[in-house]
């Protein structure tokens, strides 16, 4: 016997209403494949490509606490904004972020990254300079690679000094797709 | 702290592992219709207490005990006799528990549950309190008066 779908959904909704979750997650369908996204009471904490759910759940639990539940309702706003973004209707996200567990340098870099506008690109070196350490381009590359909320924090807009795409946590093909969607490349 | 977190599974894993068994138990106790509300109540109680757990062992015994309490509360609200023993799960087959079950069968329900959860399953009083819907102090008292009663009988 399995738990009937509507009963299961009722519990998950009730858990969100009760405000008793450390984090809620769901799998969001997108142009780039399924995205596992997690929110806490502070905001969006994770977006993961090609997630291994069990591994990702444990990572979220270590970050936010053990009360992690798949609860689609809690992801409504994030899902809507991502849908709009992929449909070309949205150029900036209006989501709070939970960057707990990030080192101070990473927080500074991600803060600068958030300012790189839709449809534009910047370089690892420029981002390093704006975060206060011009020599840290390589470290910036690491921060991009570990970006906890790709797409929303647009690490796909950071390219090499020569204009080459260099790398992307979700694979270069996705970086290219995102830049094409934004009209930054043809 | 990392160790404690590592041993307590994310709630999602705990829920998906035990949901079907909890629903079966509640349907047996309350019938199909009333079981639905009790199912939600059981996992909400577990969720509220979940971040106070100190380890991830015996979670099955823990959640089934919560379900039993929820069923008893539902009977009580409906004005039905509710003094039946909370049926503690027997399937784990832990030797410590088997011995305790033999000893504790005749204790009042709350004391029996507290003694078995404390000494059979090594749950702490916070967890026992969450399962029995009472305070850690009350759980401690129930366990110790259960033990006193057993001692008196043994003499």
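Coordinate-derived values only; no laboratory data. What you see is a predicted model, and the numbers here were worked out from it, not measured in a lab. Cβ placement follows ideal geometry from the backbone for every residue including glycine, while neighbour counts extend to all protein chains displayed.
For this structure, a couple of remarks:
- Amide N of segment B:36-58 lying under 17 Å from the label point, which is placed 7 angstrom from the Cα of residue B:7 along Cα→Cβ: B:50-58
- Highest-MSF residue in chain A out of A:134, A:104, A:150 [GNM, Cα springs under 10 Å]: A:104
- Here the protein assembly as shown carries DSSP beta bridges of which approximately 60% are antiparallel, counting only pairs with both residues inside.
- Along its first, second and third principal axes, ordered by size, chain A spans 58, 34, 26 Å in Cα coordinates.
- Fluctuation leader among A:115, A:175, A:91 - chain A, Gaussian network, Cα springs under 10 angstrom: A:115
- Model label points for residue A:185 and residue B:57, set 7 angstrom from Cα along the Cα-to-Cβ axis, are 5.4 nm apart.
- Each label point was placed 7 Å from the Cα along the Cα-to-Cβ direction; for residue B:48 and residue B:28 their separation is 2.6 nm.
- Peptide-level mean, for B:51-58, of C-beta atoms on other protein chains within 10 Å: 1
- In this structure, residue A:7 and residue B:80 have a Cβ-Cβ separation that, at R0 = 35 Å, corresponds to a calculated FRET efficiency of about 0.95.
- Normalised contact order of chain A, rounded percent, pairs of Cα under 8 Å and 6 or more residues apart: 18
- The equivalent ellipsoid of segment A:104-181 has semi-axes of 18, 13, 11 Å, largest first, where each one is the square root of 5 times an eigenvalue of the Cα gyration tensor.
- Calculated FRET efficiency, residue A:172 to residue A:41, Cβ-Cβ distance, R0 = 41 Å: about 0.70 to the nearest 0.05.
- Take each peptide in B:66-75, A:117-126, A:30-39, count the other Cβ atoms within 10 Å of every residue, and average; sorted highest first, the result is B:66-75, A:30-39, A:117-126.
- Calculated [θ] (222 nm, deg cm²/dmol) that DSSP helices of n ≥ 4 give over the protein assembly as shown, each run adding -39,500 (n - 2.57): -17000 deg cm²/dmol
- Calculated FRET efficiency, residue A:31 to residue A:161, Cβ-Cβ distance, R0 = 41 Å: about 0.90 to the nearest 0.05.
- Counting Cβ atoms of other protein chains within 10 Å of each Cβ in B:36-48 and taking the mean gives 4.
- A straight line joining the Cα centroids of segment A:27-78 and segment B:42-58 runs 21 Å.
- Antiparallel %, DSSP beta bridges [both residues in segment A:5-86], to 5: 75
- Between residue A:100 and residue B:16, the modelled labels are 2.3 nm apart [label points 7 Å from Cα along Cα→Cβ].
- Coordinate range along principal axes, alpha carbons of the protein assembly as shown, Å, largest first: 87, 41, 28
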